[in-house]
Every structure is written in C-alpha cells, then in structure tokens.
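Report on the following structure.
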Amino acid sequence: MKWEGNRESDNVEDRRSGGGGGFSGGGGGLGPLGALLSGRLGVGTIVIALLGGWVLGINPLTILGVLSGDGAPVAHVQQVPAQRPPADDKMAKFVSTVLADTEDVWGEVFSKGGGTYRNPKLVLFRGATPTACGQGQSAMGPFYCPADQKVYIDLGFYETLQKQLGAPGDFAQAYVIAHEVGHHVQNLLGISAKVQEARGRASATEGNALSVRLELQADCFAGVWAHHANNARQLLEEGDVAEAMNAAAKIGDDALQRGSGRAVVPESFTHGSSAQRQRWFDKGLKTGSVKGCDTFSSRTI
C-alpha cells in the first residue's frame, strides 16, 4: 500500500501515555459496565457481547445495554487533553494517513451528494479508555462510538490480527480503520439510529440479522473508500486486495466460531460469514457506489 508521504489527519488523539481519564456511570443506574462489574450480567451474556462486537464492530457495550435491558449506555466522561502522536511513531503515522485518506474520500462523496461530511476523531489508547458509550477496553478490538463520533483502537490489535487471526499486511490494517469509519458514515446518514430503533422491537434472532446487515454495509463502505482512494491516489499495490479479502475471511462469524471450537450457528451471527464479508467489501471496491451498499434492501446478503 502506497501511503508514506501522504497527508496525515489532525483528528487523531493519542491517549496511550496519559491513563485515559476517568469514567463514571450516569443516569442514576449502574449502566452496562456497572452491571458487568457488579455481576448483574452473567458470564454468558458478557461472552456474547464480546464475541459479537470484538472484531471490527460496534462497541460491545451497546450490545450489553440491549441484553441487560438498560438501553444505550450513558456515561459522564472526564475529558483528557488531546495529544498528537509522536512524529517518529510509524504505526501512528500510518493510522493518521489512512484516516486522512478516508476524510478526503468521504468529504468528496458527501459533497457530490449535496451533503457535508463531518470528520470523526480517532483515539489511540492502551488497555482502557473512557468513551461516551462507556469504558472502552482493548479486548473489544477496534470500535466506533456514535455518541462521541470517535473511532477507538489499541494498536496492539494489529499484532492480534496478524499473529492470531492470520491476517497480515498494511492494507488489512487499513481495512480495519475504513470499516470503523464506515460505521461513522452510517451514523451521519442516520442508518445506525434506525437500526438501533428496529432492534428494540425485534427478537434476538431478528436483531442479529439487522446487525449483520449493518456490519456488511460497513464492509462495503470500506470498499467504497478503497475504490475512490485508489482512483485518486493509486494507493493499491499488488497483493493489497488479497490482504483485505483474507482479513474479511478470517473475521467472518463462521470462521471465528470454528476457530474457537464451537459449532457454526448462522442465527447467532452478528457480523456476517466470511463469504458475505468478502462479497460486500468487494462490491464496494469494484463499484465505488454508496447506493450499491444497501444491504438492507438486498434479498440476499
């Protein structure tokens, strides 16, 4: 992937050395995190939330909120000083550059559609950090919080992606960021709110199906970014697309279930199968069309 020397985003917050600030539950209740810590949520529920949201998805605390009946997490977040990553931090520079490229692409896409794109922030952290969706944990993997419009990532995830999931490569890493930015696009378009509202009226199985379509659309949006970025700046090198397709395959729900020694249960999927994730990323990559990413109207996914 040809990224070095390209513009870096100013919207990266580095919390890796500052402890991340504090968190306290709000609204007079414990909230999902408090319920988790106090034992109100069973281990099985917590496992479902972490498996459902761990790889390239929405904050698992959102899932915990639904499962516990508390609704969306409410948090009072102690603000921490925003710091820029060190200039000699190559991985932070890579993340900043990819984020900048998503800003350029989505800014143009929204402008051509008559809208205005609001850039998300990307927060680098270690271990744990406060978010407007609850306390973020490294174990969740990268996630997007719609309440503060920020993407959160512990860069140690990339080692997990390479060594444990078998998905190496810089374009696989860029795909991770582009997918989370895809959730931001969904938030700006009002898609996320509609899905969350529909989940509130749905059964568990129906809710999972909605989650799958939301995640596959974020995969497709990641492909849309790659399409336009490559057309404008020729970012892609030989093998890059294969890296992203391999990453999509490794993080399919069926692959993760098999990898953990469990039976494959399609009704429990929250992100989509390996084949589905590859297919929708590829569709966005080939067409560059936002309308083509309408997973909710598609008869088959």
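The values are calculated or read from the model by the stated rules, or taken from the named source; none is laboratory data. Keep in mind that what you see is a predicted model, and the values were worked out from it rather than measured. Cβ: placed from backbone, ideal geometry, glycine included. Neighbour counts: every protein chain shown.
Quick notes on this one:
- Residue match in the stretch 186-195 (condition: in contact with a helix residue (DSSP H, G or I) (Cβ under 7 Å, 6 or more places away or on another chain), closer than 23 Å to Arg16 by Cβ and surrounded by 18 or more Cβ atoms within 10 Å (Cβ to Cβ)): no
- Selection within the stretch 82-129 - aliphatic (A, V, I, L, M) and in a strand (DSSP E or B): Leu122, Val123, Leu124, Ala128
- Matching entry among Tyr152, Tyr175 (being aromatic (Phe, Trp, Tyr), assigned to a strand (DSSP E or B) and buried (at least 24 other Cβ atoms within 10 Å of the Cβ)): Tyr152
- Restricting the stretch 288-301 to residues that are over 17 Å from the mean Cα position of the chain (by Cα) and part of a helix (DSSP H, G or I), the residue that is surrounded by the fewest Cβ atoms within 10 Å (Cβ to Cβ): Lys291
- Applying the set (1) surrounded by fewer than 20 Cβ atoms within 10 Å (Cβ to Cβ); (2) more than 22 Å from Ala172 (Cα to Cα) to Val241 leaves exactly one unmet item: (2).
- The stretch 175-200: number of residues that are among the hydroxyl-bearing types (Ser, Thr, Tyr) and on the phi > 0 side of the Ramachandran plot: 0
- Among (1) surrounded by fewer than 24 Cβ atoms within 10 Å (Cβ to Cβ); (2) touching a residue at least 12 places away in the same chain (Cβ under 8 Å); (3) within 23 Å of Arg7 (Cα to Cα), the one test that Ser111 misses: (2)
- Taken over the stretch 155-172, the criterion of being in a helix (DSSP H, G or I) and surrounded by fewer than 20 Cβ atoms within 10 Å (Cβ to Cβ) is satisfied by Glu159, Thr160, Gln162, Lys163, Gln164, Asp170.
- Criterion applied to Leu214, Leu285, Leu235 was being modelled with pLDDT of 95 or more, in contact with a helix residue (DSSP H, G or I) (Cβ under 6 Å, 6 or more places away or on another chain), surrounded by 18 or more Cβ atoms within 10 Å (Cβ to Cβ) and within 30 Å of Asn6 (Cα to Cα), and the one residue passing it is Leu285.
- Hits in the stretch 256-282 (condition: touching a Ser or Thr at 6+ places or on another chain (Cβ under 7 Å), closer than 14 Å to Asp219 by Cβ and surrounded by fewer than 21 Cβ atoms within 10 Å (Cβ to Cβ)): none
- Only residues that are hydroxyl-bearing (Ser, Thr, Tyr) and over 15 Å from Asp219 (Cβ atoms) were counted in the stretch 156-176, giving 2.
- Any hit, the stretch 250-258, residues being under 23 Å from Ser192 (Cβ atoms), of a type in the set (Gly, Ala, Ser) and part of a helix (DSSP H, G or I): no
- Search result, residues across the stretch 261-301 that are free of Cβ contacts under 8 Å to residues at least 40 places away in the same chain and closer than 17 Å to Leu165 by Cα: Gly261, Arg262, Ser273, Ser274, Ala275, Gln278
- Check on Gly182, small (Gly, Ala, Ser), within 23 Å of Ile153 (Cα to Cα), assigned to a helix (DSSP H, G or I) and in contact with a strand residue (DSSP E or B) (Cβ under 9 Å, 6 or more places away or on another chain): yes
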